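Working notes, structure below.
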Amino acid sequence: MRTPIIAGNWKMNNNIEESIELVEEIKKFQLDRDVEAVICVPFTDIKDVKAAIKDTDIKLGAQNMHWEEKGAFTGEISPLMLKELGVDYVILGHSERRQYFNETDDTVNKKMKSALNHDIKPIICVGESLEERESGKEREVVKSQVIKAFEDIDRKEIENIVIAYEPIWAIGTGKTASADDANDMIGFIRDTIGEIYGKEEKQNIRIQYGGSVKPDTISELMGKEEVDGALVGGASLKSEDFVKLINY
Ligand code: PEP
């Protein structure tokens with residue numbers, strides 16, 4: 001049985017005060033205990049958010065990290081620094097990082113190895129552009145991203161890894177993949193994991209959908225066999241919406 005996972009990606013939003021306010025609002029609601037809820041917050045909010053979620057089951061995530069433990073990497077944050085703050089998850093290879101900050105399949109792979117070595121669970125983002133989808137290349141693109149991200153990743157780590165299928169054209173655009181399309185691609189990604197590792201890993205890997213997920217689309221999405229959760233941007237910034245997603 002794969003535990004459903006709903007993760008909020010706050011992106012570059014919320015200063016410390018706003019973060020605490022949002023967490024306190026979320027805490028007023030009863031959350032479904034069978035769903036893993038994660039909030040991925042800006043680096044500067046991590047310490048205060050960690051304290052604010054102390055008495056809850058909510059998990060804490062970062063949105064990026066460097067693969068090295070320390071050194072001359074101005075402006076970067078290391079896995080040791082995240083671990084020290086009690087981070088459980090880290091989003092890696094988000095399309096915004098691939099698009100604006102030259103993140104590549106190779107750096108995603110290095111970061112995934114490093115995160116796992118430091119007991120931080122990676123949420124690995126993959127997904128095609130509109131152009132790639134329109135030219136019928138979406139499967140080829142996503143398969144290649146998955147194969148490269150998982151190069152030399154040990155099978156015993158599969159249960160610690162989450163994949164987020166996020167078609168780039170659906171992120172922050174209000175356009176969303178249909179639940180059937182999301183299910184199809186996630187099934188394809190699961191098959192790819194099966195080809196690399198085998199049957200057990202194929203069944204165990206958790207795969208989310210991301211791209212303009214909203215309270216009115218979540219139950220259909222989560223009703224699909226292959227879909228184990230959602231990675232959510234915009235709707236995770238509103239307490240009521242985020243709670244509705246967790247309690248789908
Ligand atoms: C995201 O940031 O990963 C995302 C899916 O954003 P949104 O839900 O706003 O499309």
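The values are calculated or read from the model by the stated rules, or taken from the named source; none is laboratory data. All figures in this text were calculated on a predicted structure; none of them were measured in a lab. Neighbour counts run over all protein chains shown; Cβ positions are idealised from the backbone, glycine included. Note: accessible area is taken over every heavy atom of the protein model, side chains too, but ligands, DNA and RNA are not part of it. Shrake-Rupley method; radii C 1.70, N 1.55, O 1.52, S 1.80 Å.
Here region 1-75 has 50 percent of its accessible surface on carbon and sulfur atoms, given a 1.4 Å probe and all protein chains in place. Note on PHE43 and GLU225: the model spin-label points, each 7 Å out from Cα along the C-beta direction, lie 4.4 nm apart. Our compactness index for region 163-229, the C-alpha radius of gyration over the empirical 2.2 N^0.38 Å, is 1.10. The mean sequence distance of close C-alpha pairs (under 8 Å, at least 6 residues apart), as a share of the length of the chain, puts its relative contact order at 22 percent. Can you give the Rg to Rh ratio for region 105-248, taking only C-alpha atoms and Rh from Kirkwood? That ratio equals 0.96. Would you mind pulling out the separation of the Cα centroids of region 141-182 and region 190-206, in Å? About 13 Å separates the Cα centre of region 141-182 from the one of region 190-206. Per residue, the accessible area of region 94-248 comes to 45 Å² when a 1.4 Å probe rolls over the protein heavy atoms. Applying 0.36 nm per residue to the separation of GLU76 and ILE16 and subtracting their alpha-carbon distance, the gain on full extension is 19.6 nm. Placing dummy labels 7 Å off each Cα toward the beta-carbon, the span from PHE29 to LEU130 is 3.0 nm. In the chain, helical runs assigned H by DSSP with n ≥ 4 each contribute -39500 (n - 2.57); averaged across all residues and rounded to the nearest 500, the mean residue ellipticity at 222 nm is -11500 deg cm²/dmol. Determine, at each q value in 0.13 (inverse angstroms), the log₁₀ of I(q)/I(0) that the Debye formula gives when each Cα of region 144-199 is one equal point scatterer. Rounded to two decimals, the profile gives -0.39.
Against the compact-protein benchmark of 2.2 N^0.38 Å, the Cα-based radius of gyration of region 52-184 scales to 1.11. Here the accessible area of region 139-194 is 44 percent carbon and sulfur, with a 1.4 angstrom probe and all protein chains present.
Excluding same-chain neighbours fewer than eight residues apart, the aspartates and glutamates reachable from LYS137 by a Cα-Cα span under 14 Å are GLU128.
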